[in-house]
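Comments concern the structure below.
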Amino acid sequence: MILKKPKASFPDLTSEASLGFFASQALIIGVDEVGRGCLAGPVVAGAAAISLDEVLKLGFSLQGARPKGDSEHPLLKVKDSKLIAESDRAPLGRALEPYLMGFQVEEASVDEIAELNILYASQLAMVRAVETLEKRLGRKADAVLIDGNLVPMALKDRGHALVKGDLRALTIACGSVFAKVYRDELMEQLELKYPGYGLKKHKGYPTPFHKAQILALGSTPIHRRGFKGVQ
């Protein structure tokens, strides 16, 4: 597990550099999940791999330090998706695409959350995102940076846990952006199917309004049975 103090809200590539991103042109995939604390909807994971050529052109050091200047470049605007204004996330995701080798978003369903528990369902979504991206890229990652303190068993051979990784590692933060955009848009669509719960506003999180509406209206098939606030 990689541990270091976050120095700022904007991530860099020092974790990726420590795994050979610059020195040996290793393929590094970063992955993060969103929606783990929600009462409704799937848990979603985003995986991303950044182009080495693009970050070298941008001026990252070979130790992974961020370049000075050009702060408007999409890669330099990335941070933990929760810290990005909702209106800015989707445009940033689209702007990032030319600078990535690829990205992938996958989910674990409400039924899988009930069957496995939220921890293992979150790991399942992350494994799916990484493995699907690897298939698209035609090769396995040399290393996978995983937000948190646990490595899923399926990624043990190449996984590295990084606590608060979405604040530290740029690959993880990119994955976080794509996962957040996907899940927020999904919850907005589900608001049309299950009106009255405020899903478009709170995205399934346990707000007082959401919990009150579950009490008033009952739960739906997209609510996580067994979660406190749904029972």
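Helix 208-217 versus the longest principal axis of the chain: what angle, 0 to 90°, nearest 10, using Cα atoms? Value to nearest ten degrees: 40. For the pair A90 and K140, label points projected 7 Å from Cα toward Cβ lie 3.8 nm apart.
Okay, which of the stretch 6-41 sit inside 15 Å, backbone N to the point 7 Å along the Cα-Cβ direction of E54? Of the residues in the stretch 6-41, 13, 28-30 have backbone N under 15 Å from the label point off E54.
Listing M101, M153 from fewest to most neighbouring C-beta atoms within 10 Å gives M153, M101.
Kindly provide the helix-only [θ] at 222 nm of the chain, computed as the sum of -39,500 (n - 2.57) over DSSP H runs of four or more divided by all residues, to the nearest 500 deg cm²/dmol?
On the way: 10 runs with 96 residues, N = 231.
Computed mean residue ellipticity for the chain: -12000 deg cm²/dmol.
Placing +1 on the Cβ of every Lys and Arg and -1 on the Cβ of every Asp and Glu, with nothing else charged, gives the chain a dipole about its Cα centre of roughly 540 debye.
An oblate overall shape is assigned to the stretch 58-200, the ratio a/c of its alpha-carbon gyration tensor axes (a ≥ b ≥ c) being 1.5 or greater and a/b not exceeding b/c.
With r defined as the distance between the Cβ atoms of K228 and Q25 and R0 fixed at 45 Å, what FRET efficiency is calculated, to the nearest 0.05?
Values: r = 47 Å, r/R0 = 1.05.
Step by step, r from the Cβ atoms, then E = 0.45.
In terms of surrounding Cβ atoms within a 10 Å radius of their Cβ, T14, T171, T207 rank from fewest to most as T207, T14, T171. Listing R224, R168, R66 from fewest to most neighbouring C-beta atoms within 10 Å gives R66, R224, R168. Between K200 and E97, the simple label model (points 7 Å from Cα in the Cβ direction) yields a spacing of 2.5 nm.
Say the cut-off is 27 Å between C-alpha atoms; which of K156/K180; K164/K228; K82/K193; K68/K200; K156/K193; K164/K203 go over it? Provide the component values of the computation, followed by the final result.
Numbers: K156/K180 25 Å; K164/K228 25 Å; K82/K193 25 Å; K68/K200 38 Å; K156/K193 39 Å; K164/K203 22 Å.
Beyond 27 Å between Cα atoms: K68/K200; K156/K193.
Any read-out appearing in this document is the output of simple, stated calculations on the displayed coordinates, not a laboratory observation. The structure displayed is predicted, hence computed values, not measured ones. Virtual Cβ from ideal backbone geometry, glycine too; neighbours counted across all protein chains shown.
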